[in-house]
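Each value in this text was obtained by applying a stated rule to the coordinates, not by laboratory testing. What you see is a predicted model; the values in this text were computed from it and never measured. Cβ placement follows ideal geometry from the backbone for every residue including glycine, while neighbour counts extend to all protein chains displayed.
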Amino acid sequence: MALLEVNNIHKSFGGNNVLKGVSLKVEKGDVISVLGPSGSGKTTLLRCINFLEKADGGELVFEDKKYDLSRMSRASIAEIRMHTGFVFQNYNLFANKTAIQNVTLGLTSARRVAKDKAAKKAMGVLKKVGMGDYADYYPSQLSGGQQQRVAIARALATDPKIIYFDEPTSALDPQLTAEVLEVMRNLAREGMTMIVVTHEISFAREVSTKVMFMADGVVVEEGPAAEFFENPQMERTKEFLRLTGK
Amino acid sequence: MFNEKTMELLVSSFPKILEFGLKVTLPLAATAFVLSTILGVLVAMVQYAKTPILSQFCRFYIWIIRGTPLLVQLMVAFYGLPLLGIHSNPFVMAVIVFTINEGAYSAETMRAAMEAVPAGQLEAGYCVGMNYMQIMWHIILPQAFRTAFPSLFNALISMVKDTSLASSITVVEMFTRTKQIAGQSYNYFPLYIEVAFIYLIFCTVLTFLQKKGEEFLGSYGIRK
Ligand SMILES: Nc1ncnc2c1ncn2[C@@H]1O[C@H](COP(=O)(O)OP(=O)(O)OP(=O)(O)O)[C@@H](O)[C@H]1O
Ligand SMILES: [Mg+2]
């Protein structure tokens, strides 16, 4: 039984068909890397699955419950979001909150967790991402890599069943990228289920259980990571891997 | 012109004028400012959320208020409300008119400040499971208020001076009191200089408070 299934999702902006029937299946513990050229619809896919964008059609199965993506009720959206985390390309930390407040807010305000209990939990996840010493810093006082690690801590704090990452390192220089990837590698090792849109081919190769390659709003090729990289089938995939240097 | 008699008049009238400043002018401006800020935030939230119908109603309110002079609004309230059977003392009426007037301006200030908060802040709030009102309360409004604060305070400083218009609906505030004293002594010019000086002190103190307020609200480490 899959944790999450997306079937035949469609999305267009005006006349621009961005997702033309994408499906995917996520088992518990999967780390799925989503690759693809710019504009292929990767971000849109993640945003639709977490309802930041309203899909035109498609089905979502989350923990054996079926939902029509084009007709989500506010209650089911809220219910599903209680169990998902999202990490943005540009972090989106709450600018008026310190690192630890960023992490506790989802607990105290959205889940009615007591303040001291939330603070304890927050400190735990901040330490886990190596940001324990920066709890009282505001986002503007942190480097990009540090901000992204706080953002990951924020997503982790609510014990999500799955975390979506949208190019979490593409705004970072190589060293900061390494910091963030290290945190994600550890999460994968601990069995966290993740969908990661990324341009980091080596990360995808090492860490992911499955790889999905998208172009022009469709899934061109997908498969277990080793197979995908060692033996790509489609011409489009081979060209993409060649261009991105392996 | 500034002979001994004038000096005496200035000294003796100073506490009398100041008294009306502290008892009428400042309370009028402060109360109207607090109420208008609350009104402005509510109207801004309706507009930000694009709530149907209510939002149009708010635009209509802003259109009317910004399109007519404050003095005229005071007159309309003064002569109009009794026709509707509403009788209240002139001070309360002035508070109401100043609140409604300033509310229209602060609503626009707040709406712009809310719209300047990046959409990612709202989205991140949704992604950690918060609902719309929780995100408003913890994220959007605090950030918007920080942005809007200098403009709102600017409006307060303007309002302190505009309270003199309340004299038109028989509120005896600082300026009216000055006119009365001047009328008794037939010595207008020095007293008007004196009241100008008191307004200036009030506004200087407010400017100082604005600076303190900005420090208190903080800049989330941005300029530390
Ligand atoms: N809010 C929007 N309004 C209109 N068009 C949009 C919107 N968001 C995305 N698009 C369009 O959808 C297409 C896919 O965008 P998307 O951001 O999903 O691509 P991507 O695969 O994430 O690309 P990248 O690798 O550059 O991040 C693009 O053509 C883009 O212009
Ligand atoms: Mg993208």
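Just a few scattered comments:
- Chain A shape via C-alpha gyration tensor axes, a/c threshold 1.5: oblate
- Straight-line cross-link reach from A:Lys127 at under 16 Å between alpha-carbon atoms covers these aspartates and glutamates, not counting any fewer than eight positions away in the same chain: A:Asp136, A:Asp159, A:Glu179, A:Glu182, A:Glu190.
- Note: chain B, Cα convex hull, 149 Å³ per residue.
- Once the Cα atoms are used to define both axes, helix B:188-217 deviates from the longest principal axis of chain B by about 20 degrees.
- Note on A:Lys238 and B:Tyr79: their simple-model spin labels are 8.9 nm apart, each label 7 Å out from Cα toward Cβ.
- Average partner coverage of A:153-163, which counts Cβ from other chains inside 10 Å: 1
- Packing, taken as the mean count of other beta carbons within 10 Å per residue, orders the peptides A:23-35, B:102-114 from highest to lowest as B:102-114, A:23-35.
- Straight-line cross-link partners of A:Lys128 among the lysines, defined as a Cα under 23 Å from its Cα and at least 8 positions apart when in the same chain: A:Lys28, A:Lys97, A:Lys115, A:Lys117, A:Lys120, A:Lys161.
- 0 to 90° range, to nearest 10: angle between helix B:141-162 axis and chain B longest Cα axis: 20
- Within the range B:87-107, backbone nitrogen closer than 18 Å to the virtual label 7 Å beyond the Cα of B:Ser55 toward Cβ: B:107
- Zone of A:Ser140's modelled label, taken as backbone nitrogen in the range B:182-224 under 11 Å from a point 7 Å along Cα→Cβ: B:218-224
- FRET efficiency for A:Lys127 and A:Glu79, using Cβ-Cβ distance with R0 set to 30 Å, rounded to 0.05: 0.50
- Pairwise Lys count, the range B:4-219 - Cα closer than 22 Å, eight or more residues apart or different chains: 9
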